[in-house]
Every structure is written in C-alpha cells, then in structure tokens.
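Inspection log for the structure reproduced underneath, given as structure tokens.
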Amino acid sequence: MQNLLLDIIFPQHCCSICRKPGRFGTKSPWCKQCTEGMQELKQSSPICDKCGKYINGPNSFCADCSSEEPIFHIARAVGPYNDSFRIAIKVLKFLGRRFLSVRMGQMMAETVLAEQRFWPLDLIIPVPASKGHLEQRGFNQTELLANQIAKKIKVKMAADILKRVKETPSQRELSKPEREKNLLCAFEVCDSRRISGKNILLVDDVYTTGSTSKECTRTLLEAGAAKVSVITWATGCGF
Ligand SMILES: [Zn+2]
Ligand SMILES: [Zn+2]
C-alpha cells in the first residue's frame, strides 16, 4: 500500500488515461472528457443478460451463453474492454499505478450496488494472480480492486481462500477451448468452511471468454458456496 500513500501525497499532474496536463489524484485520476467518454462507451450497445458482454443485435443472451449457460449467477462489468476502459486497466496493471484501483474499484462497486440480482452478498473473493505475474508486478490488481469494492459495499473480502494451484501459461494467445483446458483444476479452495452456503462476489479485471470466471465459479460451488456472481472492470464486446 506504500505506493498508494505516495500517490496521495504526490498528486498526479496529468490524466491517467489521455495524459492531458492538470491536477489529478486518487479520487479523480482522469479528466472530464475521459469520464464522459466512459459514460458513452458504457451505453454503446446492449449487454448479454447473463454474462454482461456487449452484444450486437436483439438477442438477450450472447452466442456463448446461448450455446452453454455459464454456471455463475450473473456477470457484469463497468464497461466494454475498449478505449478508456482498456487503457485504465493497462495503466494499473502494467505501469503499476495502484492508486487507480481506488476509483476503478468504486465504479465496480457502483455497478454491483445498481444491479439487484447481485444481492444478497456474503463474501468478496478476488481471482488469484499467477505466481509469475505476482513476481513480475509485485501486486495482484484484482485484489486491490476487490479491496476497494469491499470498502464501498461493506461486504467482507478474503484473498486467502481461493488459491491458484496450477501455474498456467499465458491465456492471451490461446483459443477458447485451449483456455478452458489450460485452466482446468487451476484453482483450489483452502478452507471450504469459510465459503459454505455463502453468496460470493468474484472479482476479476477483464472478462473475455469467461474461462477464468467459470473455472473459479466451478471451484467455489464444488467447495460448497451457494451462489457465485462476477464483477469485472471491463468485458468483451461484439459477440
Ligand atoms: Zn483524459
Ligand atoms: Zn453472455
């Protein structure tokens, strides 16, 4: 958390997304135009009723959810994985600008508060980072986001229950079936008593094929969770 403190003490001198000069900080890390751009992007097209992905056309489910309904209750994101939403998560993740997690986590919390189907919730669990990513970056951005969501919605967060037990190669270059196979049994619940009968909010940064969310959900449900819903910062579009 040291970096976060430093960012509060030393305010930012440009917008974290478009780099426009000005006074910015932890509470408002990007400019008015970027904020408005995000609002527009959020409403750019309808979303899948189940997984929250941005879809084209009149269907209420995306192609993926139509062919196989995911086992999580619902998944939602703040916006599509495009433009400002894409830049914001990359700046947090790859440039290590941890202070961004404060505003981003708040926006994720607002999305959860606005969707009644998330409620009631008992526990927040972040998707664990791979060992390689943790060593590389020194932090798990998903845990930072989950921590902020927990503060805002006043639900307990536990980052020590769901563990990654299999180191998987990067998902980025893999096809959907390859991703699913790659992730199979990649997670484990350490203490199933702590999630038994609980309604869980799973937190991840980006929802693309949903493979990670689905595998974490499967692991949590098998360990006795009652229900798992998913919140991410951004989600795929055009499916
Ligand atoms: Zn900007
Ligand atoms: Zn869907």
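The values are calculated or read from the model by the stated rules, or taken from the named source; none is laboratory data. Not measured: the values here are computed from a predicted model. The area values use the complete protein model at the heavy-atom level, side chains included, leaving out ligands, DNA and RNA. Shrake-Rupley method; radii C 1.70, N 1.55, O 1.52, S 1.80 Å.
Can you run phi through the Karplus equation (6.51, -1.76, 1.60; θ = phi - 60°) for the range 186-201 and list ³J(HN,Hα) in whole Hz, with x for Gly and Pro?
Those phi angles translate into 7, 10, 8, 9, 6, 9, 5, 4, 6, 10, 4, x, 8, 8, 10, 9 Hz.
Within the accessible area of the chain, what % is carbon and sulfur when the probe is 1.4 Å and the other protein chains stay in place?
Numbers: 6030 of 11730 Å².
Solvent-exposed carbon and sulfur of the chain make up 51 percent of the total.
To the nearest 500 deg cm²/dmol, what mean residue ellipticity at 222 nm is calculated for the chain from DSSP H runs of n ≥ 4 alone, each contributing -39,500 (n - 2.57), summed and divided by the residues?
Roughly -11000 deg cm²/dmol at 222 nm, from the helical runs in the chain.
Note down the relative contact order for the range 5-131 as a percent, whole number, built from C-alpha pairs under 8 angstrom at least six residues apart.
Once normalised by length, the contact order is 20 percent.
Using 0.36 nm times the number of residues separating Arg23 and Val165, minus their current alpha carbon distance, what extension gain do you get?
Working: separation 142, 0.36 × 142 = 51.12 nm, distance 4.29 nm.
Value of the extension gain: 46.8 nm.
Would you mind telling me which residue in Asn147, Asn59, Asn82 has the biggest mean-square fluctuation in a Gaussian network model of the chain, where springs connect alpha carbons within a distance under 10 angstrom?
Looking only at Asn147, Asn59, Asn82, the biggest GNM fluctuation is shown by Asn59.
So what is the relative contact order for the chain, in percent, with contacts set as C-alpha pairs under 8 Å and at least six apart? Display every interim value, and only then the final one.
On the way: 446 pairs, mean separation 54.2, N = 239.
Answer for the chain is 23 percent.
Antiparallel DSSP bridges in the chain: what percent, to the nearest 5?
That works out to approximately 25 percent antiparallel.
Taking a ≥ b ≥ c as the square roots of the eigenvalues of the Cα gyration tensor of the range 45-235, is the shape rounded (a/c under 1.5), prolate (a/b larger than b/c) or oblate?
rounded
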